Amino acid sequence: GAVVSQHPSRVICKSGTSVKIECRSLDFQATTMFWYRQFPKQSLMLMATSNEGSKATYEQGVEKDKFLINHASLTLSTLTVTSAHPEDSSFYICSARDTGGDSGANVLTFGAGSRLTVL
Amino acid sequence: LAKTTQPISMDSYEGQEVNITCSHNNIATNDYITWYQQFPSQGPRFIIQGYKTKVTNEVASLFIPADRKSSTLSLPRVSLSDTAVYYCLVGPYGSSNTGKLIFGQGTTLQVKP
């Protein structure tokens with residue numbers, strides 16, 4: 001089945017630095033990927049929709065200059081947390097839909113997530 | 001996007017059948033219902049998806065009444081490893097669709113020995 005890989009799984013950085021998280025669709029092409037963040041004991045919150053070859057669409061309240069998304073190919077989307085601060089510490093999860101399968105039943109496949117800790 | 005409502009938590013014992021119901025009163029005609037399972041510090045994992053009536057796979061069954069305003073995920077004979085958060089999501093699907101999915105609060109299932 002469809003597999004989405006995220007890297008790194010864990011990252012610790014100092015306040016003020018930038019961190020890049022990669023999301024790859026391993027066995028399918030994804031024109032659209034989605035980025036979520038999740039705080040402890042909370043549900044997933046959609047941050048943005050990443051569109052291959054065009055600008056990402058951000059959800060209300062998500063700073064586009066803070067969370068840079070690049071979707072340069074059909075199998076790779078990246079999320080860069082710029083000038084990270086402790087409040088950006090969270091679990092970031094990407095997902096993609098394999099649209100090459102049955103048209104009426106494709107589902108979102110999620111990556112394993114990336115735990116960001118900002119000191 | 002259709003909003004979903006689930007119980008916040010449920011307890012069960014090993015070997016029992018667990019039924020988790022989700023309400024989605026404003027589901028649209030082209031919306032599918034999908035359930036995901038999430039373990040701590042992992043991404044959600046697809047369990048089952050349906051449009052109407054009943055769907056069954058190797059791990060669960062999904063019951064959807066005719067009005068589609070609710071759905072019930074049924075887990076037969078749960079084990080300790082089924083302790084997780086279960087999310088019900090509603091959204092349009094199709095090979096040309098790029099619909100986003102909004103997660104509700106989910107149901108934390110605790111299976112006890």
* Please compute the net charge surrounding A:Val11, taking Lys and Arg as +1 and Asp and Glu as -1 over other residues with Cβ under 12 Å from its Cβ. => +2
* Asked: If the label point is 7 Å along Cα→Cβ of A:Phe39, which residues in the range A:55-82 have backbone nitrogen under 15 Å from it?
  -> A:61-63
* Structure fact -> Per-residue average of other protein chain Cβ atoms inside 10 Å, peptide A:83-95 -> 1
* List nothing, just return the count: lysine pairs in chain B, 8 or more apart or interchain, with Cα separation under 19 Å. => 5
* Asked: Among B:Thr108, B:Val18, B:Tyr36, whose Cα lies farthest out toward the positive end of the dipole of chain B, if unit charges sit on the beta carbon of Lys, Arg (+1) and Asp, Glu (-1)?
  -> B:Tyr36
* Going highest first, how would you order B:5-16, B:100-111, B:44-55 by mean Cβ packing within 10 Å? -> B:100-111, B:44-55, B:5-16
* Asked: For chain B, what is the per residue volume of the convex hull drawn over the alpha-carbon atoms, in cubic angstrom?
  -> 100 Å³
* Difference of contour (0.36 nm per residue) and Cα-Cα distance, A:Thr117 to A:Lys55 -> 19.6 nm
* Report, as an integer, the average count of C-beta atoms from other chains found within 10 Å of each Cβ along B:81-91. => 1
* **Residues of the range A:1-33 with amide N under 11 Å of the 7 Å Cα→Cβ point at B:Phe46** => A:1-4
* To do: Report, in cubic angstrom per residue, the convex hull volume of the C-alpha atoms of chain A.
  => 104 Å³
* **Per-residue mean of C-beta atoms belonging to partner chains within 10 Å, peptide B:22-34** => 1
* Asked: Counting Lys +1, Arg +1, Asp -1, Glu -1, what net charge surrounds B:Ile47 among other residues with beta carbon under 12 Å of its beta carbon?
  -> -1
* Asked: Could you give the dipole magnitude of the protein assembly as shown about its Cα centre, charging the beta-carbon of Lys and Arg +1 and that of Asp and Glu -1, in debye to the nearest 20?
  -> 260 debye
* Cβ-Cβ FRET estimate between A:Ser9 and B:Lys112, R0 fixed at 25 Å, reported to 0.05 -> 0.25
* Cysteines without a disulfide-compatible partner [chain A; Cβ-Cβ under 4.7 Å] -> A:Cys13
* Structure fact -> For chain B, averaging the sequence separation of alpha carbon pairs under 8 Å that lie six or more residues apart and dividing by its residue count, the contact order in percent is 37 percent
* To do: Please give the per residue volume of the convex hull enclosing the alpha carbon atoms of the protein assembly as shown, rounded to a whole number of Å³.
  => 119 Å³
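Here, each number is a calculation from the coordinates, and none is a lab measurement. The structure presented is a predicted model; accordingly, all values stated were derived computationally and were not measured. Don't worry about glycine lacking a Cβ; one is built from the backbone with ideal geometry, like all the others, and counts go over all protein chains shown.
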